[in-house]
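Worksheet for the structure shown next.
The values are calculated or read from the model by the stated rules, or taken from the named source; none is laboratory data. Computed from a prediction, not measured in an experiment: that's the story for all the values here. Methodologically, a virtual Cβ is constructed for each residue, glycine included, from the backbone with ideal geometry; neighbour enumeration extends over all protein chains shown. Surface areas here come from the heavy atoms of the whole protein model, side chains and all, with no ligands, DNA or RNA. Shrake-Rupley method; radii C 1.70, N 1.55, O 1.52, S 1.80 Å.
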There are 4 protein chains.
Amino acid sequence: MDVGVIGGSGYGGAELLRLLAGHPAFKVRVVAGGRTAGQPIGDVFPHLAATPLADERIVTADADDLRDCAVVFAATPHEVSLELLPALLGEGRTVVDLSGAFRLPAAQFDEWYGIGHTAPELTPAVYGLPELWRAELPGAELIAGPGCYPTAALLALAPLAGLVAEGPIVVSGMSGWSGAGRGLRDDLHASHAHGNVAPYGAPRHRHTPEIAQQFAALGGPAARVSFVPHLVPMTRGEVVTCTAPLRDGVTGAGLRDAVADRYGDEPFVTVLSAGTWPQSTHVVGANTAHVAVAVDERARTAIAACALDNLVKGAAGQAIQAANVATGTAETAGLPIAGLYP
Amino acid sequence: MDVGVIGGSGYGGAELLRLLAGHPAFKVRVVAGGRTAGQPIGDVFPHLAATPLADERIVTADADDLRDCAVVFAATPHEVSLELLPALLGEGRTVVDLSGAFRLPAAQFDEWYGIGHTAPELTPAVYGLPELWRAELPGAELIAGPGCYPTAALLALAPLAGLVAEGPIVVSGMSGWSGAGRGLRDDLHASHAHGNVAPYGAPRHRHTPEIAQQFAALGGPAARVSFVPHLVPMTRGEVVTCTAPLRDGVTGAGLRDAVADRYGDEPFVTVLSAGTWPQSTHVVGANTAHVAVAVDERARTAIAACALDNLVKGAAGQAIQAANVATGTAETAGLPIAGLYP
Amino acid sequence: MDVGVIGGSGYGGAELLRLLAGHPAFKVRVVAGGRTAGQPIGDVFPHLAATPLADERIVTADADDLRDCAVVFAATPHEVSLELLPALLGEGRTVVDLSGAFRLPAAQFDEWYGIGHTAPELTPAVYGLPELWRAELPGAELIAGPGCYPTAALLALAPLAGLVAEGPIVVSGMSGWSGAGRGLRDDLHASHAHGNVAPYGAPRHRHTPEIAQQFAALGGPAARVSFVPHLVPMTRGEVVTCTAPLRDGVTGAGLRDAVADRYGDEPFVTVLSAGTWPQSTHVVGANTAHVAVAVDERARTAIAACALDNLVKGAAGQAIQAANVATGTAETAGLPIAGLYP
Amino acid sequence: MDVGVIGGSGYGGAELLRLLAGHPAFKVRVVAGGRTAGQPIGDVFPHLAATPLADERIVTADADDLRDCAVVFAATPHEVSLELLPALLGEGRTVVDLSGAFRLPAAQFDEWYGIGHTAPELTPAVYGLPELWRAELPGAELIAGPGCYPTAALLALAPLAGLVAEGPIVVSGMSGWSGAGRGLRDDLHASHAHGNVAPYGAPRHRHTPEIAQQFAALGGPAARVSFVPHLVPMTRGEVVTCTAPLRDGVTGAGLRDAVADRYGDEPFVTVLSAGTWPQSTHVVGANTAHVAVAVDERARTAIAACALDNLVKGAAGQAIQAANVATGTAETAGLPIAGLYP
């Protein structure tokens, strides 16, 4: 199948290209970008300089070229996705958007993103988190790739939906810088960022309603999700730790059973042994998430944590996984399951 | 005043020596250590090789030498503090212990540290967090230096004691590796730790009862403190983010006023403007803590964060600050208020 | 082809397993290790926990198991390679040793490694750097995988063999920590290593004679190679910068032509444009080396630099590449050519 | 003495402010900056928010304000120094420029900096490296603060001036990012820079003629200095390793004696024991340099290395040290001699 990638100048796009280079069924035919249009891919991204894509030039995002593709991935800002993607729908094409443009109902999008949605009839799109919404993916035309934090938070929380009580669910996220993109910012200057932990965005980070909406869809008491993300000093990887009040009678063993039941057969989710917490270094470069849960008996809370690579399972890898399912390709095709360690 | 430092082989001891080298009233007379006894300080710690202490040899911890000191700092494991410090009390000497040996009532110590306390009559000692318990310090014989996480958590939570509701208070801590000490461990191997975020210790980390006990002493609803610490990939610095259910009617402005009232005159606490969160890079090397608060209206939670240098305000610097107050020395004497940035 | 990996407890072994998991022709049948023998691979290396190897147990290095393998990779200390590998030779088996045991003639080995070689008749083995000694590899029984620094230094220097003059050739190496292995050491403690550049080993680092010997074999004036390696604060990746006196009349264009001629068709060597220097971040995770050269007109020196991933092109990847050539498999089989960026 | 700092928006300026905050004889009266003019210092640099300077506003660089200062430090780009500083000379004022504007003779400046010098009569200014040119500093009106690489290279090479032979002297520099300043650049984006070693600037880095000129002034054979700097992934600190052909008959002991003779009484230079190389982590935050030398007998080269903090001994600290000497203040006044470790 021919595929197109829009947003080839950014980290998400580059990661799609890295992964698609080894995909057995998808072949990259068009790479579109903004500020880098006209340049060979190998010049923009020297880490791809030895791949067959190296001499291909990035084109401007032009629907005609992309119309020849069976699958289109958009790793673009949400404004750009809003502008480009509606015209690409139909004709049996699968479009996977990595931005936040189509994850929320239009009204919520307007509130949290501060702009008016221009294609409300397309929202919310199918949510491309296969472990939790696999059945909705086959044949989907528009797939909203989840945010990296929601992916991790939902993989951690999903098995607990029936086990936690009403009350604040605290989601503490810690992500490497690559999730913030390739643009230059004072707080991403290496000298500033290197030895730095920085909470940001709270209490109005846009991933908050996304986590709440999807957890509610799973039956969880999501009204009071309180999310605080932090930039931590590394390039890739992410850990999300969720703490929720526990229903009476629920034990640590009960939590662990729920997690094991949910993920026992999942190729991309590893449930860790009791007493072990996930570490981001074990999943960097892989489409794999590590999950663990425990009960804090003293506080009567459930603690659930998930580690993943924000650019793979949290973005490009998961988008390919969703496209695999949507197109009837083997779900694991082209996706690394071993991390790059150390 | 002559001072002694026990535990001179570790990071806490080394930081005491670095800071005491510039103290106007305290003069290091004895440095005692374990595995490095007999070696010159400049060989053990080349960063001190150009200081006057460089050629002084580390001695074994021997009460006689230390008895000539007016102030003794112990940066030792809690077992060692338990063994050595009771014999040093009295004679007007000020002893500041950086370990957990004397922070909790003996029964709680036994439960959380897993050994029987051998000097229960000394517990709990005066808690050496001057901003919150300053009045108890003058003339104190035994001061328990707070843990780094409790220092940050309590500086963030203290002003909120009357403003938060019953229910879980989630304390998410992120610390650099130096808090874990100088001993060799697989998870502190540079290749493993470098790009890694790792939750650990939850739900039974020993700082949990310490945070709860002290927050309760301030009048806070501390019964359900749920604490999850994380190692993040940097050497120094720490951020603690606390999320607590909010009492009805409390607003963001109300929280900010409470913080400003509490810390307006504190030389070592900087309250950040609304909308700004503390970043650890701004306090590395300094005895300064940065604090900020906000309300998550949607979840009805208070979010309170604090950044500090775990080895300075979280350990050695705060110990000196407490000793300053205890001995009638100017509270800021010898303590850096500017961080090393970038 | 069935393959065995000895040294599965270390970083080199783990990297072999990561790469071999995706190899189309080699199938891992036996993984032998020392301190981790008896444990499942997924427990020892959680980054492999989602791979088919996860539940396989590491065995002790036992020749009988390994005798069923057509290819054996040894990522073992040189003493262990010396002890185990001679018994595995013959029967058409290809043995690739990643240690220094068989790279040098026995007498040189004795001098630089400080122990007596016990199989001098096997030294020097075929040097497994395919770009420079490809013709010697097909059918080789014992292949000495080059050191990471020699790989980078030789890829940079090889095209210059006839263009540089007698006199010191200065090789300045900068490597991430993973090259130093998984063992615990004070200088690899994360808190110490994190913000640290540390020259080490000079002037007697064991890679010195290896660089000199192989550069001499290429016709270079190698008598005065002077090598200074440095640990730099990152986990993976390596840059080697070589500076050599230039022959009269040689220009920058001449150097660049020589490099382009040498590497024009190499799948794993990318020659950078004039004015660009290689950066390690572009090759992490890949079996690709980036090379660039320039003339310092003022000093009349040639400067040649190479960046690679010390665990891939500098170790495990190159070993597989050499085994591919030795066994008649496609040279690029199973080897990543795109780096993990950022 | 009242002092002024121009360039208060950058890292060099901020470091001057951090150090001057604790200086016993210098008091900061004016802080001038460009893009941050009008802002309080504590807002621009939150690490200074708890210092007395926090509420002072940065002014535009205006000679009248600065004329009331006995000492003026300029941490400005060379173009700005060229424009502002000549008007500040005279009236007994000491001006220390941290840029490259006045280090070289005007003709060399023109060649290496690519612009015409507008005050050639002021070049070269007194070179502010006290350990090597102390006698020229008392009463100096214009002092050119050395570059960070030249400081390290010259401290390493100075004792060897009479011991090395003609031929290329290779200077390999490795610096943290802070030396590249606070401006935003793609190669300083945290995600790019974090795990990256990057040679740059060779063979035309502007520090090359500075090293050569000053080494020649010390009697060294400087005609063929060949300098390759590298950015390494850390914020602060720098190591320079120099390799030079050795004169016949010179031994390692001879080198070490020369170094010990040169630096035996220097408060800010620590000579390491034979067999030990300097590590940048031991000098971060201090005005101290660590130096070591060795002979490579095989290659007949001298290897000399120096570690320092590029912002302290390589910039702001050394500027204060030079101003101390120039103004008759104690040379060590206000300067930290212990590093921040770990």
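Angle of helix C:11-20 to the longest C-alpha principal axis of chain C, folded into 0 to 90 degrees and rounded to 10: 80°.
Along region C:143-148 the Karplus relation, 6.51 cos²θ - 1.76 cosθ + 1.60 evaluated at θ = phi - 60°, assigns HN-Hα couplings of 10, 8, x, x, x, 5 Hz to successive residues, with x for each Gly and Pro. For region C:60-128, just say rounded, prolate or oblate: build the C-alpha gyration tensor, square-root its eigenvalues into a ≥ b ≥ c, call rounded for a/c under 1.5, and beyond that prolate if a/b exceeds b/c, oblate if not. The shape class here is prolate.
Over region A:216-342, accessible surface divided per residue gives 25 Å², non-protein components excluded, 1.4 Å probe. Cα gyration tensor of region C:103-255, axes a ≥ b ≥ c as square roots of the eigenvalues: rounded (a/c below 1.5), prolate (a/b > b/c) or oblate? Here region C:103-255 falls in the oblate category.
DSSP beta bridges fully contained in region D:2-124 are about 5 percent antiparallel. To the nearest 0.05, what FRET efficiency results for B:Glu111 and A:Ala223 with a Förster distance of 35 Å applied to their C-beta separation? With R0 = 35 Å, the Cβ-Cβ based efficiency is 0.45. Solvent-accessible surface, computed for protein heavy atoms with a probe of 1.4 Å, shrinks by 30 Å² or more for the following residues of region B:181-197 when the other protein chains are added to the isolated chain: B:Leu184, B:Asp186, B:Leu188, B:His189, B:Ala190, B:Ser191, B:His192, B:His194, B:Gly195, B:Asn196, B:Val197. Other residues with beta-carbon under 10 Å from the beta-carbon of D:Ser280 carry, at +1 per Lys or Arg and -1 per Asp or Glu, a net charge of -1. Two numbers describe the Cα atoms of chain B: Rg and Dmax, which are 19.4, 62 Å. Amide H to amide H distances under 5 Å link C:Val126 with C:Leu142, C:Ala144, where only residues 5 or more positions off or on other chains count and H is placed in the peptide plane.
Rounded to the nearest percent, how much of the accessible area of region B:2-124 (1.4 Å probe, protein heavy atoms only) is carbon and sulfur? The value for region B:2-124 is 49 percent carbon and sulfur by accessible area.
Loop-located trypsin sites (Lys or Arg not before Pro) in region A:67-168 (DSSP state other than H, G, I, E, B) with a sparse environment of at most 16 neighbouring Cβ atoms within 10 Å: A:Arg67. When B:Thr243, A:Thr332 are compared by accessible area of protein heavy atoms, the largest-first order is A:Thr332, B:Thr243, using a 1.4 Å probe.
In this assembly, the D-B interface accounts for approximately 2400 Å² of buried accessible surface in total, computed with a 1.4 Å probe and without ligands, DNA or RNA.
At a probe radius of 1.4 angstrom, the accessible area of region B:17-170 per residue rounds to 36 square angstrom. Listed values for region A:180-188 are Karplus-derived 3J(HN,Hα) couplings in whole Hz (6.51 cos²θ - 1.76 cosθ + 1.60, θ = phi - 60°), namely 8, x, 9, x, 7, 8, 3, 7, 10, and x replaces Gly and Pro. Using a Gaussian network model of chain D whose springs link C-alpha atoms within less than 10 Å, name the residue from D:Glu91, D:Glu238, D:Glu141 with the highest mean-square fluctuation. Fluctuation is largest for D:Glu91.
Under a Gaussian network description of chain D, with springs only between Cα atoms under 10 Å, the residue in D:Gly314, D:Gly139, D:Gly183 that fluctuates furthest is D:Gly183.
Taking Cα atoms only, the orientation of helix D:317-326 departs from the longest principal axis of chain D by about 80 degrees. A straight chain from C:Thr60 to C:Asp265 at 0.36 nm per residue would run longer than the Cα-Cα distance by 69.7 nm. Give the relative contact order (percent, whole number) for chain A; include only Cα pairs under 8 Å separated by 6+ residues. Taking the mean separation of contacting Cα pairs over the length of chain A, I get 18 percent. Ranked from largest, the principal axis spans of the Cα set of region C:2-124 equal 45, 28, 22 Å.
Summing charges over all other residues whose Cβ lies under 14 Å from the Cβ of B:His117, with Lys and Arg as +1 and Asp and Glu as -1, gives -4.
Over all other residues within a Cβ to Cβ distance under 14 Å of C:Arg29, the charged ones net out to -2, with Lys and Arg as +1 and Asp and Glu as -1.
With the whole protein complex present, B:Asp68 retains an accessible surface near 90 Å², based on a 1.4 Å probe. Close amide H pairs (under 5 Å, H built 1.01 Å from N) link D:Ile6 with D:Ala32, D:Phe73, D:Ala74, D:Ala75, residues at least 5 positions away or on another chain. Ranked from shortest, the separations from the 7 Å Cα-to-Cβ label point of C:Gly34 to its equivalents in the other copies are 2.7, 5.3, 5.6 nm.
As a calculated quantity, the FRET efficiency between D:Glu121 and D:Ala25 at R0 = 30 Å, using C-beta atoms, amounts to about 0.45. Listed values for region C:230-237 are Karplus-derived 3J(HN,Hα) couplings in whole Hz (6.51 cos²θ - 1.76 cosθ + 1.60, θ = phi - 60°), namely 9, 7, 10, x, 7, 7, 10, x, and x replaces Gly and Pro. Scanning residues 5 or more positions from B:Val269 or on other chains, those with amide H under 5 Å from its amide H are B:Ala289, with H placed 1.01 Å from N in the peptide plane.
Bridges between two residues of chain B, per DSSP, are antiparallel at a rate of about 45%.
Among beta bridges from DSSP that stay inside region C:149-310, the antiparallel ones total about 70%. Basic side chains Lys and Arg get +1 at the Cβ, acidic Asp and Glu get -1 at the Cβ, and with that the dipole of the protein assembly as shown about its Cα centre reaches some 0 debye. Spatially, region B:162-234 and region B:267-342 are offset by 17 Å when compared through their Cα centroids. Shown are B:Cys148, D:Cys306, whose ranking by accessible area with a 1.4 Å probe and every protein chain present, most to least, is B:Cys148, D:Cys306. Each copy carries a label point for C:Ala253 at 7 Å from Cα along the beta-carbon vector; from one copy to the others these points are 5.4, 7.4, 8.1 nm apart, nearest first. Only protein heavy atoms count here; under a 1.4 Å probe, B:Asp265 has an accessible surface of about 150 Å². Here the label points at B:Arg67 and B:Ala253, each 7 Å from Cα along the C-beta direction, are separated by 6.3 nm in the simple model.
Considering only C:Val312, C:Val228, C:Val95, the mean-square fluctuation computed in a Gaussian network model of chain C, springs between alpha carbons under 10 angstrom, is largest for C:Val228. Of the whole protein surface, C:Met1 contributes about 90 Å² of accessible area at a 1.4 Å probe radius.
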